Structures are given as structure tokens and as C-alpha cells.
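Worksheet: the structure to be examined is printed underneath.
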Amino acid sequence: MTTPFENRMELKAAYKNILIRVLKWVNLRPEEGSRTLLMFAFYATTSIGLRWVEDSSIALFLDKYGANNLPLIYIASAIVGIGLVFIYSWLQKIFPLRWVIVSALPCMVIPLILLPVGLQFTTASNFNAEPLALFSVFLLRLWVDALYVINQLNTSIAANQLFNIQEIKRTYPLVSSGILVADVIGGFSLPTLVRFLKLNKVILTGALVIVLGTLILLHLSKKYPQAFSDVTQRQINKSQVSRARRLSSPLRRYALRLFFFGLLIQAIGLLVDFQYLSQLESTFQGKDITSFLGVFGGVLGLFELATQLFVSSRAIERLGVFFTVAILPVGVGALLILLAVLSWLFSSLSITLLWGLTLIKFLDELVRYTFVANTGTLLFQPIPEKVRSRVQTLSGGIAEAAAAGFAGLIILVTQWLANHFLPVSWYNLVLIIS
């Protein structure tokens, strides 16, 4: 007859065997499991909150401003984003990295709490508060884009600190799938949320979920203190600085290539996003836009998870990193040209544009958050650890922000040319090709 102690030991051994089998199935080693799970939980939780906030802010913006004013958001987002990236990099010089990555998101969530409260106040007040409401909606949409940049930087920098180059090849695809799970959970739950809550309250709920995700990152930094230095970059000894400077020339060229690649990928996504939201605005209104975006994100998330589990790693291994990431610009560009030709030949069928752009948006995000996301962090691994986080912040963060301004300018110039020099029947054709 076994004792209670022996029973507990047997259960513990059985649990350990099951855990080892699960880790082998997802291509992880036992010592990597806890770090990977916590990083996944952090990224998934913050991304769920961001999904609710983003879709609600888009619906508010389209209702108040319309899709034609989205280029102004892109340009303003570029200015704010570049400023925030420089501040983020500067903070790493004067504060320990742990403090920076843990406190960045909670500090940036404060406007998400204040702006919806301001919107509710202006709606309930008796005086004419329309200008204040318009400004709040504009600032809210702008701030959500900035939050995405900081959240992505936090995730990639934390992953590079926690895992070495051998580990990150196995662990980062699982970590990056956090945003895919967030698309499914956040997307399918959003129509239910907007049924019972106003959009400003959905935004407040999303902000609280983002803070919850940051608490997971705080726990992670305390559990693995050796991965997050308590020393600021200014305290790096002179020999380390000297070695970094000797590598500065090749590193600068490598970082420049990463910068232009990131700019191209992000600009393509924004140009597709503008066309997609323009057609969405002309078809739906108000909460219907939020619900459509939620269901779209949920379905997309399911396909992304399937691609991540069964296709992505095999494609990267067989096709190579550079060929795999080239699928996005080449594939989306070809589909946009095909859609432009179809919309010109069948100009009376406006539904062609809506569902055509929905399909292109679907494929763009599917490839972006599987193939491209799985290779992005790997591209920064050749950079020495002492300067990696700063190079990653400047190269990756500024590229995303600059792409927003670049895409906004392209759209504004294209709109002006189409309105003044081209027939009305060519308007959609030119905008899609842009």
C-alpha cells in the first residue's frame, strides 16, 4: 500500500513526463519552457488589449473624420513615433533596461484612460464640445499606433535578452504567436463587448488588460534578473565601448539595410490598410465597423495560428530567410495590381473593391505576423548584446514610424493628382496602385 507521500511523488513524476513531452512537441527544451510561456502570456495579454483599443479607435475615427483623413494620422504618427523611439533609446542610457521595458507601457496607457473619459464628458456636457471631441478622437487614434510600436519593441528586446541565438530560433515563433492568439480571442470577443459597452468603455477595458500584461513582464524580469541588466548603458566599461566602436562601421551598414527593409514592409501594410478602411467606411458605420474588424481579426488569427504551427518554420527552413520575407512585398504588390485592373474593367461592381481589399489585407497580415515576424528578431542577433537593444530600438522603431509618414505623403499626393488631373473613373485605380 502506497503512502500519501509516494502518491504525491508519482503524480509529480507523471506531470514532469507529460510536461517534457509537450515541450518536445513544440520544439522546446525543459529549461526554456518557463521563460517562453511567460513571454507568450505577456505578449498575448497586451495584444488582446491593443486589439480592443485599436478597433474601437478606428471606428471612432472613421465616424468623426472619415477614411480620407487617415493620411494625416499616418504623418502625425510618424512624428510621434520617431520622437518616442528616441526617448525610449535615451531612457536606456539613464535607467536600467528592466525599468524601461516594465514602465514604458503603463506610462503610455495613461492617455488611453484619460481620453475616453474626456469623450464621455464632452458627450454628456451641455456646451458645444465638438472640437474637443474631435481632437480627443484624433489623439486617441494617433496614440494607439505609438503603443503598438512600443509594445513590439518591448517584446523583441525582452526576447533578445532572455534567449541566446540558438534558443531564440526555437522560442520566438511561440512567443510571436501571442499576437495571433490575441487576434482570435480579442477579435471574436469584440462584437460581444460592443453589444454591452460603449466604444469609450471598450477602450478603457483594453487599457486595463494592457496593464495586466505588463505585470506579467514585471514578474518575468524579477524571476530572471540576470537577463535584464540593472546597469545603464552609460556605465558600460571603456573596453566594451571600444569594441562596439570597432564594429560600428559594418554594424551601421547592416542596421541601415534592416531599416530600409522595415520601412518597406511597414509602408506596404499601411497603404493596404488605408484602402481597406476606406472601403469599410463606405459600407458600414459605427459599431458595425468594430464588429466587422473583430470577426475579421478572429478568423485571421485562426489562419495565422495554423500557418505558424504547420507552415512557417518549414517554409523558412526550406526557402531561406530572405526569400521567405520577400513573399510579402512581391505577393501583395502583384495582388494589388490585379485588383486595380479588375476594378477598372468592372468599375460598376463596387463590391469587387471591398472584398478584394479584404482578401489582400487578410493575406498581408497573415504573412506579416507569421513569416516576417518569425525572422525579424533573428535579423538583430548578429549585433553584439551590449549595443543590440539600442540598435534594435533605433533601426526597428524609427523604420516603422518613418514608414507611416512616407505612406501618408504618398496617399495625399496620389489623392491630389487623382482629383485634379485624372477622370473620376480612374480614381480607385490610381489609389490602389499607389
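The values are calculated or read from the model by the stated rules, or taken from the named source; none is laboratory data. This structure is a prediction, so every number in the text was calculated from the model and none was measured. All Cβ positions, glycine included, derive from the backbone under ideal geometry; neighbour counts span all protein chains shown. Each accessible area value is taken on the protein alone, full model and side chains, heavy atoms only, with ligands, DNA and RNA left out. Shrake-Rupley method; radii C 1.70, N 1.55, O 1.52, S 1.80 Å.
Taking the conditions exactly as written (surrounded by fewer than 23 Cβ atoms within 10 Å (Cβ to Cβ) and hydroxyl-bearing (Ser, Thr, Tyr)), does Tyr148 satisfy them or not? So Tyr148 fits the description; yes.
Filtering region 271-298 to residues that are open to solvent by 60 Å² or more (accessible area, probe 1.4 Å) and either within 19 Å of the chain's Cα centre (by Cα) or basic (Lys, Arg) (or both) leaves Lys287, Val295.
Cβ separations smaller than 9 Å between residues 6+ apart or across chains give the following pairs from region 261-287 residues that are part of a loop (DSSP other than H, G, I, E, B) to residues that are of a type in the set (S, T, N, Q) and surrounded by fewer than 21 Cβ atoms within 10 Å (Cβ to Cβ): Phe284/Ser291. Among the criteria (1) among the hydrophobic types (A, V, I, L, M, F, W, C); (2) over 30 Å from Lys64 (Cβ atoms); (3) at pLDDT below 85, the one Leu339 does not fulfil is (2). Quick check on region 58-82: of everything there that is of a type in the set (Phe, Trp, Tyr) and either open to solvent by less than 50 Å² (accessible area, probe 1.4 Å) or within 21 Å of the chain's Cα centre (by Cα) (or both), which residue is farthest from Ile398 (Cα to Cα)? The extreme case among them is Phe61. Picking from residues in region 196-229 that are under 21 Å from the mean Cα position of the chain (by Cα) and not hydrophobic (A, V, I, L, M, F, W, C), the one that is surrounded by the fewest Cβ atoms within 10 Å (Cβ to Cβ) is Thr205. Please verify whether region 32-42 includes one or more residues that are open to solvent by less than 10 Å² (accessible area, probe 1.4 Å), in a helix (DSSP H, G or I), at pLDDT 90 or above and not charged (D, E, K, R). Within region 32-42, one or more residues are open to solvent by less than 10 Å² (accessible area, probe 1.4 Å), in a helix (DSSP H, G or I), at pLDDT 90 or above and not charged (D, E, K, R).
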